[in-house]
Amino acid sequence: MIFALGALPLGLLVFGFPIFIVLLLASTVALGGFMSMPMTAIHQNLFGSLNVNGLLAVPFFILAGELMSRGTVSFRLVQFVRSLVGGLPGALGVTTVGTATVFGAISGSSAAAVASVGKVMHPAMTEDRYPATFSAGMVTSVSAIGIIIPPSIPMIVYGASSETSIPRLYAAGVLPGLLLALALAVYIMARAGMDGFGSRQRPDLATILSATGRAVWALGAPVIVLGGIYGGVFSPTEAAAVACAYSILVTRFVFAELSWADILDCAVQTVLFTSQILVIVAAAGLFAWLLTVNQVPQTIVAWISGMEISAWQFLIVINLLLLVWGCFMDPLSAILLLTPVLVPVVDALDIDKVHFGIIMTLNLAIGLFTPPFGINIFVAQSVLGMKTTDIYRGVFPFFAVFLLVLVLVTFVPAVALTSMDLFMFD
């Protein structure tokens, strides 16, 4: 059994097999070769893993992000944020952070933010004398805020896997996400001041009002979605559906940028991406069931309890594990694979599952731009046309900023839990 649930999946991962193949094959070998159970348990658990109401929000948010990432939405957001921060040192860099944060609250996708924001901001920063590696590293890393600021698809998957309230996870992600954006902005301003790059342009009221008017419809998406969830108007799934309807309204009728054929293409891309996510969810659900049946989580809990490890020592180890894990696996796969094993230990050590969800999401957000396999790096390479090694050099200073915020969020739970208390009214 150790071979089927441990050595086999690790070996398949090393040889580069897709994660759903790894989980399905390991589960099939375990069930067929080491357990006296009918093979019908495989498809029963595969379909049962998808029978989770919270997962209905995933395709809706993906479609809303796909719609809003096309056309001039990112450009309008850039102009809006720049009108507010144009007088600061490193104004374009601060604008990049602000735009990525707002765009993340619309799409929930880090890769979409890299592509959309990078296309607009990187050429502008090049003209404004920003070092090429610095601006590339900035675009690649700050877009990871997209999976921390709600609506976040990894948070939906974590909530469904750990039976944690998704609205509470969303509320808990607001303050850490804004704190991260502030830390990045402060670093960029300090670096711009020391190295003397970037121009400053103090905005006037007319410019601010004009930029706000052009961006107000784009800004309406996160306001309606998050306001509706925290105000108790609708659930996250209903909010996702509202986001889709709103995105179609804005892109088709208000901005008049997408045709019905474009909207249909967005729907097709959403189906393809959603199917990739859900096949992993199904396979991970089967694997998690096998772990539970074979009492793997219970064994780990007993082992850790026997070591008399404290909660903070456990969090240090988990942070190191997740930082390394995120270098090689995408956030959704990592969450689905690790949550069933880690959450029982979290419960045993009396760690808040919402707090732990934010820690896990933040760790895996860092993995999005960490060599060698951070997906943001490859998206940035395609969009910016730069060498991968140059992007690697550019992300390291931003990795340090993310790491500082991670340490703060990990060991000061109030950062996340206070955010949750502020936005939840039940």
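May I ask you to list the residues in region 181-207 that are assigned to a helix (DSSP H, G or I), hydrophobic (A, V, I, L, M, F, W, C) and more than 30 Å from the chain's Cα centre (by Cα)? Spell out how you get there, then give the answer.
Just the residues of region 181-207 that are assigned to a helix (DSSP H, G or I), to begin with: 181-195, 205-207.
When the remaining residues are screened for being hydrophobic (A, V, I, L, M, F, W, C), the result is 181-186, 188-190, 192, 194, 205-206.
Across region 181-207, the qualifying residues are 194, 205, 206.
Looking across region 227-245 at every residue that is part of a helix (DSSP H, G or I) and of a type in the set (Ser, Thr, Tyr), the one that is farthest from residue 159 (Cα to Cα) is identified as 230.
If you go through region 325-336 one residue at a time, do you hit one that is farther than 28 Å from residue 378 by Cα, out of contact with any Ser or Thr (no Cβ under 8 Å at 6 or more places or on another chain) and of a type in the set (A, V, I, L, M)? No, region 325-336 contains no residue that is farther than 28 Å from residue 378 by Cα, out of contact with any Ser or Thr (no Cβ under 8 Å at 6 or more places or on another chain) and of a type in the set (A, V, I, L, M). Condition test on residue 338, is it in contact (Cβ under 8 Å) with a residue 24 or more places away in the chain and of a type in the set (A, V, I, L, M)? Taking the combined requirement at face value, the residue does not satisfy it. If you check 107, 143, 135 for being of a type outside the set (A, V, I, L, M, F, W, C), at pLDDT below 85 and either surrounded by fewer than 24 Cβ atoms within 10 Å (Cβ to Cβ) or on the phi < 0 side of the Ramachandran plot (or both), only one passes: 107. Within region 353-397, being among the aliphatic types (A, V, I, L, M), under 19 Å from residue 120 (Cα atoms) and out of contact with any Phe, Trp or Tyr (no Cβ under 9 Å at 6 or more places or on another chain) holds for 379, 383, 384, 386.
Looking at 183, 172, just one residue is at pLDDT 90 or above, buried (at least 24 other Cβ atoms within 10 Å of the Cβ) and touching a helix residue (DSSP H, G or I) at 6+ places or on another chain (Cβ under 8 Å), and that residue is 172.
For region 43-74, the set of residues classified as of a type in the set (Ser, Thr, Tyr) and over 17 Å from the mean Cα position of the chain (by Cα) consists of 49, 72, 74, listed by residue number. Scanning region 227-245 for residues that are surrounded by fewer than 21 Cβ atoms within 10 Å (Cβ to Cβ) and at negative phi yields a count of 12.
Does residue 383 meet the test of being modelled with pLDDT under 85, in a helix (DSSP H, G or I) and among the hydrophobic types (A, V, I, L, M, F, W, C)? Full working, then the answer.
Working: modelled with pLDDT under 85: yes; in a helix (DSSP H, G or I): yes; among the hydrophobic types (A, V, I, L, M, F, W, C): yes.
So residue 383 passes the test.
With region 6-77 as the region, which helices (runs of 4 or more DSSP H) entirely inside it contain at least 3 residues that are in contact with a His (Cβ under 6 Å, 6 or more places away or on another chain) and exposed (fewer than 15 other Cβ atoms within 10 Å of the Cβ)? Give the derivation first.
Numbers: elements: 8-14, 19-34, 40-50, 57-68.
By residue number, no helices (runs of 4 or more DSSP H) qualify.
Every listed requirement among (1) within 20 Å of residue 367 (Cβ to Cβ); (2) in contact with a Leu (Cβ under 8 Å, 6 or more places away or on another chain); (3) among the aliphatic types (A, V, I, L, M); (4) buried (at least 19 other Cβ atoms within 10 Å of the Cβ) is met by residue 258 save one, (1).
The values are calculated or read from the model by the stated rules, or taken from the named source; none is laboratory data. These numbers come from a predicted model, not from an experiment. A quick note on method: Cβ atoms are made from the backbone with ideal geometry, for glycine too, and the neighbour counts reach across all protein chains shown.
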